[in-house]
Amino acid sequence: MTMPNINEIANSAKDNADKLGIKKFDIYGSTVDDTNVQVDQGEPKQVKASNRSGVIVRVWNEDNTMGVTSTTDVDPKGLELALKTAYEASFFGVKENVPDFSPDATTPIPNKPQDKALQAPVAELIEKLLVAEKELLAAHPAIKGVPYNGLSQRDVDRFYLNSDGAVRTESHSLASVYLYSKTEEEGKKPRSAGAFRINQSLDNLDINGCIKETAEKTISHLNYEKIPTGKYRVVFSAEAFLSLLGGFSNLFNAQSILDNQSLSTPDDLGKQIASPLISVYDDALHPANVGAETFDGEGTPTRQISLIENGVLTGFLHSAGTAKRLNAQPTGNASIGAKVSVSPNFYHVFSTATPEQEFSLETAENVILIDDLQALHAGVKSLQGSFSLPFDGWLVNKGVKTSIESATVAGDFLELLKSIIYVEKEAELTPGGVCPKIWVDELSITGE
């Protein structure tokens, strides 16, 4: 399925709908062209190429109940069948809170250039990754393998159209690299660490930066020590803080709130839920978001949404349906399906407030720097607000980092937000957003 025929799809859908007597429908479709390579000890280990495409068709009947069907077939015959099936299903659709078109599905979106990067041949991907593996293995005698690695490139095309005249389409390319190396030393536990980079094209992908970061982190974990259990001042890396925020994203999710599956209620807007030092936006269009999507599954334009402003809860993420029920605007965070779901696009965490005191890892004594949180699916109790998670990190004393053998951090997420004492200025880019290091006054650490 190639995209330029979006107008053909629209016309063909309209003709078929007229023929079937369908007045109200919408269609969301995407096609993803993916190539992914992995290597192992100087040999290609896996090459995966896939092309996935699919469309979701929703039809409303005269009683305004809705049916949904999905198909990979968008020729006129396939569309006719999909519209027909969805129409038949509509008579069994839910009676209350029936999904509807987004009021913003026809709002114009500023056009951005849709230049896709040229896909590199698979041989070139393998060669670049083999070089990266070789450089990592040469970085230190203790590094014995790179068990997890991947270099991938992807082209994405998406469209949305409805019977009210909405037509949206966009395309983009992505390239990303992931490296995770492991050590083996006589009489010592194996240690490991990883890094990730992403860009629009393979040519501009910072593979060397990824190799360097992976090597430095891995080597820094070689001399590890046990730490005593206790309360420590904790500094979260961007990745660690965003993974925790992601674990409790029900806080901002209007669908979760309406389902009573959230730490927030609709009345919490305007309440101070965090330290005044922290602000959190969901900002799909942030310049650092490679492959940003300009519209969601319902055709709503994505935009910058303020969730926490100087510690105050200022907004929720909405679909057209949740916005209607909570008397708000859709935010561009919906994915379309039999049940519309809501999810964040790209976090932007920052501070505009002046801290009472600035902190630095160069001068701080006995703080714990958490680089990476593990077992989030098991250790996050998202409805209680509590977490208990193993982590990789260091004990930092006046700039000297000592790797921690193994430890767990535990706490209550809402209390953690209130205990933030410093948000650094320098932001880091992660797959889920942009965020600086976050200093938290005190958390329970279980060491040995």
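Observations on the structure shown:
- When each of V47, V68 is tested for being part of a strand (DSSP E or B), open to solvent by 40 Å² or more (accessible area, probe 1.4 Å), farther than 30 Å from A132 by Cα and in contact (Cβ under 8 Å) with a residue 60 or more places away in the chain, the lone residue that passes is V68.
- Residue under evaluation L79, criteria (1) modelled with pLDDT of 95 or more; (2) open to solvent by less than 20 Å² (accessible area, probe 1.4 Å), criterion not met: (1)
- Residues of segment 182-201 classified as out of contact with any Asp or Glu (no Cβ under 9 Å at 6 or more places or on another chain) and of a type in the set (S, T, Y), total: 2
- Under the condition of being touching a strand residue (DSSP E or B) at 6+ places or on another chain (Cβ under 7 Å), modelled with pLDDT of 95 or more and over 24 Å from K45 (Cα atoms), the residues counted in segment 93-139 number 4.
- Out of L125, L118, L136, sole residue that is under 29 Å from the mean Cα position of the chain (by Cα), open to solvent by 70 Å² or more (accessible area, probe 1.4 Å) and among the hydrophobic types (A, V, I, L, M, F, W, C): L118
- Complete set of residues in segment 5-40 that are open to solvent by 10 Å² or more (accessible area, probe 1.4 Å) and of a type in the set (G, A, S): A10, S12, G21, S30
- Number of the exception - V37 against (1) more than 28 Å from G332 (Cα to Cα); (2) at pLDDT below 95: (2)
- Only one of the numbered conditions (1) over 30 Å from N397 (Cβ atoms); (2) open to solvent by 10 Å² or more (accessible area, probe 1.4 Å); (3) not in a helix (DSSP H, G or I) is not met by P276, and that is (1).
- The set of residues in segment 257-270 being in contact (Cβ under 8 Å) with a residue 12 or more places away in the chain and farther than 14 Å from V312 by Cβ consists of I257, L258, Q261, S262, L263, P266.
- Meets criteria (more than 22 Å from the chain's Cα centre (by Cα) and open to solvent by 30 Å² or more (accessible area, probe 1.4 Å)) for L285: no
- Unmet requirement for D73, which otherwise passes all of (1) under 29 Å from the mean Cα position of the chain (by Cα); (2) under 30 Å from I126 (Cβ atoms); (3) surrounded by fewer than 17 Cβ atoms within 10 Å (Cβ to Cβ): (2)
- Some residue of segment 116-129 being part of a helix (DSSP H, G or I), within 30 Å of T218 (Cα to Cα) and free of Cβ contacts under 8 Å to residues at least 24 places away in the same chain: yes
- Members of segment 1-43 that are part of a helix (DSSP H, G or I) and aliphatic (A, V, I, L, M): M3, I6, I9, A10, A13, A17, L20
The values are calculated or read from the model by the stated rules, or taken from the named source; none is laboratory data. Keep in mind it's a predicted model, so treat the numbers as computed, not measured. Here the Cβ is made from the backbone with ideal geometry for all residues, glycine too, and neighbour counts use every protein chain on show. When the accessible area is computed, the model is the full protein with side chains, heavy atoms only, and any ligands, DNA or RNA have been set aside. Shrake-Rupley method; radii C 1.70, N 1.55, O 1.52, S 1.80 Å.
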